[in-house]
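Undergrad: The structure that follows is given in the form of structure tokens.
FYI, it's all coordinate maths here, none of it is from the lab. What you see is a predicted model, and the numbers here were worked out from it, not measured in a lab. Reconstructed Cβ throughout: ideal geometry from the backbone, glycine too, with neighbour counts over all protein chains shown.
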Amino acid sequence: MKRITVPDFHGKPQKYVAQLDIATEQAEAQWGTHELSEDDLGPWLTFAFILSSGTLAALVREVDNAPSPGYILTAIGDRDPGETLAEFLAESGISAERVLHQGF
């Protein structure tokens, strides 16, 4: 798993994979300072990655008015979200107990 820049995290389709219980401070301690991305909903704190399989994945959280704690794990492509989640957890070292909700 390698950190990439937000402009390198692009493509379609983009899929919701899971909601993870991880704090910004914890993510920054592991991967460095967050980047900001933006869409129609506003700005997002973003940590983007390429997984060993080549899958593009990102942890994102709305800057203002996030509806729930933690970060959303999203991925680009047609890969099964369950496989993406398993790979992300294994490569990041984040425990499966931190998964609050799966999107598939």
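Undergrad: Rounded to whole Hz and in sequence order, give me ³J(HN,Hα) for region 58-66 from the Karplus expression 6.51 cos²θ - 1.76 cosθ + 1.60, θ = phi - 60°, writing x for Gly and Pro.
TA: Each residue's phi maps through the Karplus curve to give 8, 9, 9, 8, 4, 5, 10, 6, 4 Hz.
Undergrad: Further question: For region 53-104, rounded, prolate or oblate, judged on the Cα gyration tensor with a ≥ b ≥ c (square roots of eigenvalues), a/c < 1.5 rounded, else prolate if a/b > b/c?
TA: Here region 53-104 falls in the prolate category.
Undergrad: Once you keep just the Cα pairs under 8 angstrom separated by 6 or more residues, what percentage relative contact order results for the chain?
TA: 38 percent
Undergrad: Extension gain Gln14-Glu83, at 0.36 nm per residue separation less the Cα-Cα distance, in nm?
TA: Separation in residues times 0.36 nm, less the Cα-Cα distance, equals 23.4 nm.
Undergrad: Here's a follow-up. What dipole magnitude, in Debye to the nearest 20, does region 2-102 give about its Cα centre under +1 on Lys/Arg Cβ and -1 on Asp/Glu Cβ?
TA: Around 200 debye, computed over region 2-102.
Undergrad: Let me ask something else. State the label only: which of (1) 2, 11, 23, 27, 19, 13, 4, 1, 0, 0; (2) 2, 12, 20, 21, 18, 14, 9, 3, 0; (3) 2, 13, 26, 29, 21, 8, 0 corresponds to P(r) over Cα pairs in 5 Å bins from 0, in percent computed from the shown model?
TA: Recomputing P(r) over Cα pairs in 5 Å bins from 0, in percent here gives the entry labelled (3).
Undergrad: Let me ask something additional. What FRET efficiency, computed as 1/(1 + (r/R0)^6) with R0 = 22 Å and r the Cβ-Cβ distance, is obtained for Gln102 and Asp40, rounded to the nearest 0.05?
TA: Approximately 0.35, to the nearest 0.05.
Undergrad: With a/c under 1.5 counting as rounded, go ahead and sort region 3-55 into rounded, prolate or oblate using the C-alpha gyration tensor (a ≥ b ≥ c being the square roots of the eigenvalues; past the cut-off, prolate if a/b is larger than b/c, else oblate).
TA: It comes out rounded by the Cα gyration axes.
Undergrad: Find which of Phe47, Phe88, Ser68 sits farthest along the positive direction of the dipole of region 2-102, computed with +1 on the beta-carbon of Lys and Arg, -1 on that of Asp and Glu, about the Cα centre.
TA: Going by the Cα projections, it comes out as Phe88.
Undergrad: Search the structure for amide H atoms under 5 Å from the amide H of Val99, placed 1.01 Å from N in the peptide plane, and list their residues when 5 or more places away or on another chain.
TA: Sorted by chain and number, the residues that satisfy this are Asp21.
Undergrad: Compute the signed sum of charges (Lys and Arg +1, Asp and Glu -1) over the other residues within less than 15 Å, Cβ to Cβ, of Arg3.
TA: Net charge around Arg3: -3.
Undergrad: For Ser95, put the label point 7 Å out on the Cα→Cβ axis and report which residues of region 1-40 keep their amide N under 14 Å from it.
TA: In region 1-40, the label zone of Ser95 (backbone N under 14 Å from the point 7 Å along Cα→Cβ) covers 21-23.
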